[in-house]
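The values are calculated or read from the model by the stated rules, or taken from the named source; none is laboratory data. Just so it is clear, the structure is predicted and the values come from calculations on it, not from any experiment. Cβ coordinates were reconstructed from backbone atoms using ideal geometry, including for glycine residues, and neighbour counts include every protein chain displayed.
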2 protein chains.
Amino acid sequence: MSGFGLDYDVQATDGAARRGRLTTAHGVVNTPAFMTVGTAGTVKGLTTDQVKDSGAEIILGNTYHLMLRPGAERVAALGGLHKFMNWPGPILTDSGGFQVMSLEELRKITEEGVTFRSHLDGTPHNLTPERAMEIQELLDADITMALDECTPFPATEKEARESMERSMRWAARCKEAFTRRPGYGLFGIVQGSVYPELRHRSAEALKEIGFDGYAVGGLAVGEGQEAMFEVLDATVPHLPAQRPRYLMGVGKPADIVGAVKRGIDMFDCVLPTRSGRTGQAFTRRATLNILNARHRDDARPLDPDCPCPTCSDYSRAYLHHLFKAKEMLGPILLTRHNLHYYQQIMAGLREAIEAGRLEDFVADFERQAAEGDIPAL
Amino acid sequence: MSGFGLDYDVQATDGAARRGRLTTAHGVVNTPAFMTVGTAGTVKGLTTDQVKDSGAEIILGNTYHLMLRPGAERVAALGGLHKFMNWPGPILTDSGGFQVMSLEELRKITEEGVTFRSHLDGTPHNLTPERAMEIQELLDADITMALDECTPFPATEKEARESMERSMRWAARCKEAFTRRPGYGLFGIVQGSVYPELRHRSAEALKEIGFDGYAVGGLAVGEGQEAMFEVLDATVPHLPAQRPRYLMGVGKPADIVGAVKRGIDMFDCVLPTRSGRTGQAFTRRATLNILNARHRDDARPLDPDCPCPTCSDYSRAYLHHLFKAKEMLGPILLTRHNLHYYQQIMAGLREAIEAGRLEDFVADFERQAAEGDIPAL
């Protein structure tokens, strides 16, 4: 442990892209990594065996949801989140800030922190940098995220600066409150909206405080892929090379590929799970809606090139039937496929970086995506 | 194949109870057997691997649901129900009669068959003995059930007789229309409500026609366990000893144990799956509602003596949390447990009959059930 709580070993680079190994108290995460979202102590619809089988090495838990139900103290009394949900591998928890900020009518932000009312029962709660650290320690997260304010989009330069500066003051309080333990780490979060100078200043402020990893926050909030990549171009060069970089809440496969090219190591997003529940499948060639009638008699799998259990064992016709009949197995099987597909992309990126062939990988990825779905029968 | 489509080998008996092996085109079913209900081409919430892992050797599909959606001809074009739903083992399909009769306002019964309107879209449909055979053949069911009228309960002796007699005429038409194939079989269904003489006459009528197996229908419709057992006592002795006997739609664990003692070989019921989805768990000692607040902080499994994946890996507190949060994984894990528990009972019954110790097994079963749930912490 290099003086930090988390070892991070960059094993290969290809341009700005990095192939790394992050070592936590509950195991190793190979990067670039996609973290499967398990909001309320469960990846919706899947057993943890199925999550692991998809290739996931680390999952994300949401502090906001868990602090309200079942409660961080209860999870701690039951042995921590890993044991509670039967996931022995690494877990990252967010700070709760993002969800609390989204409450709008129900929350109030001050320098001290955020007060809010639970969306479940209206009870008042308080989230400060110190309490965010305490909750994530109670949950036993391998990676703790600093409490920040996710700056609304769009924001004026002045709004973005004031918001970012408060987040930096909170980041320092988080560092102070965080209990250092081997294999456990704290990540700071760069803010600054779409303003390159603010992003730069935020990165410098976080480096000054010193974190185990650096996240880029406040993106994937409606700014579009081009603006997002511009922010990454203005931010990533200012982050320490030897620490992991995490782009929060991103994204579509093409967003992830483009961000890896720009030096991002970690991602999380609800897209593969949430889309899977509503009938949307991501494949190499297209994003398709299984409820479309053209799949009704199609004996072929979602993606003929996918080795996942859904594509190995089930036809589009069957998946279409399950969604039409509102059967739980439909969301389950589509979520499994989407998660496998995302992890296949990550594995492909890691291999390509190791081999120094990232450009070829990206070209293949874009060529396949341009082909569109396999022709109807 | 003993001149029948299905081989059935009674390997041991203990009193009236039998330990048998039923050989179908898609594999062997050890009896007494519990058939997991997979209504619309899926055991709700579970992958077929999970169903198999529970110990299930045979599942049941519902003709009514499948004929309406996705349609029997479509399933046939997609390779049959086994391939469609990725269940390579034996499948029994019901005739559709039970569900059609339940439509009440939407159906009309004549000597020819039943006309009804789909509960999905109101389209008119027709179910005759001949069409019921055709549909089940299209689905590729290993075991086809004759179309019968499930006599409403209560019914007068006259109503029950007329209904039973029509079912017997339909049974003869089913036998005529059924395509004999090695490894595929047709079961007749005894009716006659709670009237012993009608049950006796129905059994004799079916034997005269000749079937691969004999089901007892029209029970578990509100008559109570005592009346059900009386009907079995009046019926089972009139069924052929060398053919399997199937008690339709039954039941609670104690119903199954009592029916096996009376010579029944096969069962199906939605209880373990439907109850699992609503938070009810069956255990050796009690039936418990996981939503009850007393489970909120309980780190113990549902059933400390159960080797199923749910009891091995998850606490009551976690299951309680999942149900409170309305997470899909709650119903999934509870359904898995319930199915494992049902199959554990069946395995215990089979072993006990082989060993000539069925009385001991039943005594143990009743003693445990009387103990009640493990004491609260």
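Numbers below:
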{"read-out": "Single residue of B:R169, B:R199, B:R181 found to be among the basic types (K, R) and either touching a Ser or Thr at 6+ places or on another chain (Cβ under 9 Å) or not assigned by TED's automatic domain parsing to the domain that holds B:A234 (or both)", "value": "B:R199"}
{"read-out": "Single condition B:E112 does not satisfy, out of (1) modelled with pLDDT of 95 or more; (2) out of contact with any strand residue (DSSP E or B) (no Cβ under 8 Å at 6 or more places or on another chain); (3) crowded, with 19+ Cβ neighbours inside 10 Å", "value": "(3)"}
{"read-out": "Selection from region A:313-330 of residues that are part of a helix (DSSP H, G or I), within 27 Å of the chain's Cα centre (by Cα) and either at the interface with another protein chain (Cβ under 7 Å from one of its Cβ atoms) or surrounded by fewer than 24 Cβ atoms within 10 Å (Cβ to Cβ) (or both)", "value": "A:F323, A:L329"}
{"read-out": "Residue list for region B:218-248, restricted to those being among the small types (G, A, S), surrounded by fewer than 22 Cβ atoms within 10 Å (Cβ to Cβ) and over 22 Å from B:V10 (Cβ atoms)", "value": "B:A220, B:G222, B:G224, B:A227"}
{"read-out": "Candidates A:Q225, A:Q242 - the one that is of a type in the set (S, T, N, Q) and within 28 Å of A:A286 (Cβ to Cβ)", "value": "A:Q225"}
{"read-out": "Some residue of region B:273-287 being without any contact (Cβ under 8 Å) to a residue 40 or more places away in the chain and farther than 21 Å from B:K324 by Cβ", "value": "no"}
{"read-out": "Failed condition for A:I374, given (1) at pLDDT 95 or above; (2) over 30 Å from B:S118 (Cα atoms)", "value": "(1)"}
{"read-out": "Restricting region A:260-294 to residues that are of a type outside the set (D, E, K, R) and under 21 Å from A:D360 (Cβ atoms), the residue that is surrounded by the most Cβ atoms within 10 Å (Cβ to Cβ)", "value": "A:V260"}
{"read-out": "Out of A:V270, A:V250, sole residue that is more than 13 Å from chain B (Cβ to nearest Cβ) and touching a residue at least 40 places away in the same chain (Cβ under 8 Å)", "value": "A:V270"}
{"read-out": "Test: B:L339 is within 30 Å of A:D121 (Cα to Cα), outside any loop (DSSP other than H, G, I, E, B) and not assigned by TED's automatic domain parsing to the domain that holds B:K44", "value": "no"}
{"read-out": "From the options B:L66, B:L92, B:L6, residue that is at pLDDT 95 or above and within 14 Å of chain A (Cβ to nearest Cβ)", "value": "B:L66"}
{"read-out": "Residue list for region A:59-82, filter: β-branched (V, I, T) and assigned to a helix (DSSP H, G or I)", "value": "A:T63, A:V75"}
{"read-out": "Condition check for B:R201: in contact with a Phe, Trp or Tyr (Cβ under 6 Å, 6 or more places away or on another chain) and either surrounded by fewer than 20 Cβ atoms within 10 Å (Cβ to Cβ) or modelled with pLDDT of 95 or more (or both)", "value": "no"}
{"read-out": "Given (1) in contact with a strand residue (DSSP E or B) (Cβ under 9 Å, 6 or more places away or on another chain); (2) outside any helix (DSSP H, G or I); (3) in the same structural domain as A:N30 (by TED's automatic domain parsing), number of the condition A:E223 does not satisfy", "value": "(1)"}
{"read-out": "Among (1) under 26 Å from B:T39 (Cβ atoms); (2) touching a strand residue (DSSP E or B) at 6+ places or on another chain (Cβ under 9 Å); (3) surrounded by 24 or more Cβ atoms within 10 Å (Cβ to Cβ), the one test that B:D255 misses", "value": "(3)"}
{"read-out": "Pair list, Cβ < 7 Å and 6+ apart or interchain, from region A:358-377 residues that are under 20 Å from A:R18 (Cβ atoms) to residues that are in a loop (DSSP other than H, G, I, E, B)", "value": "A:L358/A:G15"}
{"read-out": "Subset of region B:300-354 (residues that are among the aliphatic types (A, V, I, L, M) and touching a residue at least 60 places away in the same chain (Cβ under 8 Å))", "value": "B:M328, B:I332, B:L339, B:I345, B:M346, B:A347, B:L349, B:A352, B:I353"}
{"read-out": "Residues being in contact (Cβ under 8 Å) with a residue 24 or more places away in the chain and among the basic types (K, R) - total across region B:123-172", "value": "3"}
{"read-out": "For B:A299: the one exception among (1) more than 11 Å from chain A (Cβ to nearest Cβ); (2) part of a loop (DSSP other than H, G, I, E, B); (3) of a type in the set (A, V, I, L, M, F, W, C)", "value": "(1)"}
{"read-out": "Enumeration of residues in region A:69-85 that are surrounded by fewer than 21 Cβ atoms within 10 Å (Cβ to Cβ) and either touching a residue at least 24 places away in the same chain (Cβ under 8 Å) or not assigned by TED's automatic domain parsing to the domain that holds A:L22 (or both)", "value": "A:R69, A:E73, A:A76, A:G80"}
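Residues are listed down the side, and each one gets a yes or a no for (1) surrounded by fewer than 20 Cβ atoms within 10 Å (Cβ to Cβ); (2) under 29 Å from B:D9 (Cβ atoms):
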{"residue": "B:E105", "(1), (2)": "yes, no"}
{"residue": "B:A141", "(1), (2)": "no, yes"}
{"residue": "B:R161", "(1), (2)": "no, no"}
{"residue": "B:R181", "(1), (2)": "yes, yes"}
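Yes/no per residue for (1) assigned to a loop (DSSP other than H, G, I, E, B); (2) within 22 Å of the chain's Cα centre (by Cα); (3) modelled with pLDDT under 95; (4) farther than 28 Å from A:N86 by Cα:
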{"position": "A:E134", "(1), (2), (3), (4)": "no, yes, no, no"}
{"position": "A:L147", "(1), (2), (3), (4)": "yes, yes, no, no"}
{"position": "A:C150", "(1), (2), (3), (4)": "yes, yes, yes, yes"}
{"position": "A:F153", "(1), (2), (3), (4)": "yes, yes, yes, yes"}
{"position": "A:M164", "(1), (2), (3), (4)": "no, yes, no, yes"}
